[in-house]
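The values are calculated or read from the model by the stated rules, or taken from the named source; none is laboratory data. Computed from a prediction, not measured in an experiment: that's the story for all the values here. Cβ placement follows ideal geometry from the backbone for every residue including glycine, while neighbour counts extend to all protein chains displayed. What goes into the accessible areas is simple: the full protein's heavy atoms, side chains included, and nothing from ligands, DNA or RNA. Shrake-Rupley method; radii C 1.70, N 1.55, O 1.52, S 1.80 Å.
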Amino acid sequence: MFTELTSLRTLNVSNNNISTIDHHSIFSLASLEKLILTGNELDCQCEEQLFKQLIQYRNARNSLQLDVQGALCLNNGQNDLFKMSIDACSHGEIFWAPSVNCYSCTDSPGLLTCGANRIENCGQNTDVCYSTITYASNRLSATAGCMNYIACLDLIAKNNVTCVQGNTTCFSCYTGSLSNTRNIAGYANEFVLEVSIELRAALSAGLINVHSQEYNEFTKNISANVKAFIQDERMGFWVEFDKLSGPQITVHLTIHCTSIWYITAQSVKITLFKTLPKLTLNGLEVSSVNIVPSNSEYCPPTVQPTADRGQINWPLTSVATNATIDCPFQFNNTRSVARRLCQSDKAWGSSSFFDCPLEDEQARALQEISRKEINNDNVADVSSELFTITNNWNTFTSTDIGLAVDTVDKILNVDRASTDDAAIDNTVAIINNLLNVEDDVLAESEETSDSSSKRFSQVRKLYVTIIIKAVDKLLSKIDKKFSTVKSNLAGFVSSPDSGAFNGFTLSFSDGVKDLTKSKISVSTAAEDLGADFSGIMLPKTLFKSSEKVTFTVYSDPKLFETISNRNDTAHNQSSDTNTNRFSGFKRKINSKVVAASVPNKTVTNLTAPVKIILKHEQTGKNVTCVYWSIESSEWLSGGCSVHATNEDFTECHCDHLTNFALLMDVYDVGGELDESNKEVLRIISIVGCAMSLAGALLTIIAYGIFRRLRKEIVSKILMQLCSAIAALNLVFLVGVQKYAANSIGGCKTVAVLLHYFLLAIMCWMLVEAFLLYKYVKVTVWKKNIPSFFQRKLALFAWGTPLIIVAVALAVNKTDNYGYQPGGICWLERIPFYVAFLAPVCTVFVLNVITYVLVLKKLFGKGSKELNKTGQNKNIGKRLRGAASVLVLLGLTWSFGILAIGDASKVFLYLFVICNAFQGLFIFVLQCLLNEEVRRAWTNVCPCLKSTSASTKGSLTYSTSTTVTTST
């Protein structure tokens, strides 16, 4: 070891023994002057390059130079390593790496597991990775981490005392790429022993069968017992049971050892030969022991946690071999295994454990049922078993739903499922139970069906859609009169009593949620429904002869809403037929869902309509008769129309058969305007915003060009305000386009920007009100407000909206923003009230209070004092100017709030016009009618003097210091 050569002046290394040099310890050679390498033909790679850099680093920092001779590179034309450059190292292996990555481990049972956790950066550019391997108190452990290089060298200097036989603490330091090494500088020894232990008993027939209970009981604790018996040996090890053989019971084990460098495979063999004959396994004594060192390479044992199948412990496995082990949980009647390949580089490949039973007991029972082969002989039993489990629907997860639906689908593929009364009743009861599951769990099963399907099949399954189709599939296969009424679901299969078709009528009392209490019935004639009854009537002209018809009633539309919500989230708004979006309303299904169909026939374009009468679940407006499209999984309105409606019921007429329901604006957020008024308001908004953008930009340009106009604080406020208005209008004009709404991210971005700039406008109005108040309150107010105070005002006006928007974004993961009724990207309803309407109303109220206080000061007892200081005139003019903008930017929002009831149309037009033309109004007030601005322009454009004279004197906005009125 170099650490012991402290007095040598010259060291000869010959006959290719350079590999024996511990180059990490070379800095301990305080007096070594020359290192001569003779007879060495080196294959110069990264190790040699690092060796060269270590020598150069030492020589650069030590007056005692180390001269290396004879380091010839065989793979580089016999050139001297120290006289050439090696490009073989492609990973940046330099002495001080920019970022040193170290393995971190403590009490590792072996070096192969040291490195599960990595320290990404040691921190200082003089840090290196260090490692130790220690045997103490009959325990072998490895540690690793970061340390200063000089401190690490001090530890290495102790190796000549501590890292020797009888005392076992060995230190190592690593630089560059070597920070990721696991060999701990040769201080550790790893080897594998194949051990066979013959016991004093004959191998029985039960032990020959590896699937027998006797075999499982005999072998399950062998590895643990052997490990516990030899735990005091000076090594770390894994014991893996392999197999049993005969004629005497012979236990075959693989023992993977990690030991201190001086404890060799031979010494461990000798120790085991002395120890293992004293072992007792399952009460049987050992008759002989055989131990053979293995030449095979292995992947180390490792623990793999899973999300829902428990913890899988992969054993020590030979390379290029599949490890096959029992799954952590098992079905009642079958054995399941997990597999994983040990690759040739001793690294584990991907694992296959998706056939393993689930950890949750209920899910595991559903999984076991779903794996069964269902046929005519067992369909009734399987359906009964599934029904029993689904009675616990209140504990179901999305995984449970997927497994249950998979099984229902398999049941319905069996012929006897539609003829066996028990199977039919069980299947209907199962679906009824699933309809009890909470909405969010149903939604989760639909949203995660992609990942779930990968676990149980390779086909994407939308489980909620399958439930809807399963009901139709079951009823269509029943070839007899049939009726079933459950709490959430009712199904009927009917045929006319005679050969003639006289129509059908399904009716039910629609005042209760539980269908078993709804007096639901089907008659073989087209009849009027009784008062307070809902139902569907098929006309006599539907068919000329007898036909089988199926009816279905869903008490709750949650299945359909789940799919509709998924479609909305995915932004499937490719056409106007999607009645839940781009309609101007925020609507939902507001009735029970009824369906009628003729198996194996498509009934459309009827001359006499199908009549559907449904009771409203909630009070609502803007009712639409819709039907469910199985193909596109959405509500459509084609072929259906509202025949009559009142507060409680709606009668629909449709020219086809399918699932019917009422889509209504139960939130009462739109629909009072007809299409012509909507189009007019849309045009006003776009034209007004374009003119407002132009007006705001022109105002900014006018005040930006002339320094004397913008030098005062009020003018700077005006420019900031116009900047916010211009940004708002630009975002609006871009955001109302379809390409913005069609992108979830784009739509949310537009909504966030609109929210921010609208709040910024209101904040600047509050700043103006504050300055007015200060102007009145402080008798002597400086003409030029200090710049630091101006910065505070700007920070408030631009920063406060940023905080509000940030909070709105943080809550609900940006879902507070999105596409809204009326075709605009904006805040959702509740966030709108909290994060927008509340701040706007607060600003408006504060502004009104401020103006009242200013008026009181102007015309009250303090007016004389203001007159003396000459401020009264300027304040009055500023107040009148600010009041004009208050009307534009404050009162206009009250129009929007008042746009309800009979006067909604008038207030809506006022709101749109006032808000759309904000920038234009400010341009007219602050530029065209402002004498000081006109005077500035006439100075540079004399041709404008005549125009200026004709418009002289008019009320301006409060940000202008000189405010005049016509005389």
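Residue pairs, Cβ under 8 Å, 6 or more apart or interchain, first in region 738-751 and within 17 Å of K813 (Cα to Cα), second modelled with pLDDT of 80 or more and surrounded by 16 or more Cβ atoms within 10 Å (Cβ to Cβ). List them.
C747/Y817; K748/T814; K748/Y817; V750/V731; A751/Y817; A751/L827
Among strands (runs of 3 or more DSSP E) lying entirely in region 464-531, which contain 1 or more residues that are open to solvent by less than 30 Å² (accessible area, probe 1.4 Å), hydrophobic (A, V, I, L, M, F, W, C) and more than 30 Å from E444 (Cβ to Cβ)?
489-494, 504-509
Against the definition (open to solvent by less than 20 Å² (accessible area, probe 1.4 Å) and modelled with pLDDT of 80 or more), how does V226 come out, yes or no?
Yes; evaluated as a whole, the condition is true for this residue.
So which helices (runs of 4 or more DSSP H) are wholly in region 692-776 and hold at least 2 residues that are within 18 Å of A794 (Cα to Cα)?
The qualifying helices (runs of 4 or more DSSP H) are 713-735.
Considering every residue within region 507-523, establish whether at least one is out of contact with any helix residue (DSSP H, G or I) (no Cβ under 9 Å at 6 or more places or on another chain), over 16 Å from A595 (Cα atoms) and among the hydroxyl-bearing types (S, T, Y).
Taking every residue of region 507-523 in turn, at least one turns out to be out of contact with any helix residue (DSSP H, G or I) (no Cβ under 9 Å at 6 or more places or on another chain), over 16 Å from A595 (Cα atoms) and among the hydroxyl-bearing types (S, T, Y).
Can you work out which of the residues in region 323-370 that are of a type in the set (K, R) and in a loop (DSSP other than H, G, I, E, B) is farthest from T397 (Cα to Cα)?
K346
State whether the residues of region 448-462 include one that is touching a Ser or Thr at 6+ places or on another chain (Cβ under 8 Å), assigned to a helix (DSSP H, G or I) and modelled with pLDDT under 85.
yes
Okay, residues lined up against (1) within 23 Å of V485 (Cβ to Cβ); (2) open to solvent by 10 Å² or more (accessible area, probe 1.4 Å); (3) without any contact (Cβ under 8 Å) to a residue 24 or more places away in the chain; (4) not acidic (D, E):
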{"site": "A365", "(1), (2), (3), (4)": "no, yes, no, yes"}
{"site": "E373", "(1), (2), (3), (4)": "no, yes, yes, no"}
{"site": "D377", "(1), (2), (3), (4)": "no, yes, yes, no"}
{"site": "V382", "(1), (2), (3), (4)": "no, no, no, yes"}
{"site": "I389", "(1), (2), (3), (4)": "yes, yes, no, yes"}
{"site": "N392", "(1), (2), (3), (4)": "yes, yes, no, yes"}
{"site": "I430", "(1), (2), (3), (4)": "yes, no, no, yes"}
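Mind listing whichever residues of region 229-249 are closer than 17 Å to S287 by Cα and open to solvent by 20 Å² or more (accessible area, probe 1.4 Å)?
F229, L244, S245, G246, P247, Q248, listed by residue number.
How many residues, within region 618-633, are open to solvent by 40 Å² or more (accessible area, probe 1.4 Å), within 25 Å of I466 (Cβ to Cβ) and not in a loop (DSSP other than H, G, I, E, B)?
Result for region 618-633: 1.
Answer yes or no as to whether T550 is part of a helix (DSSP H, G or I) and either open to solvent by less than 20 Å² (accessible area, probe 1.4 Å) or at pLDDT 85 or above (or both).
It is false that T550 is part of a helix (DSSP H, G or I) and either open to solvent by less than 20 Å² (accessible area, probe 1.4 Å) or at pLDDT 85 or above (or both).
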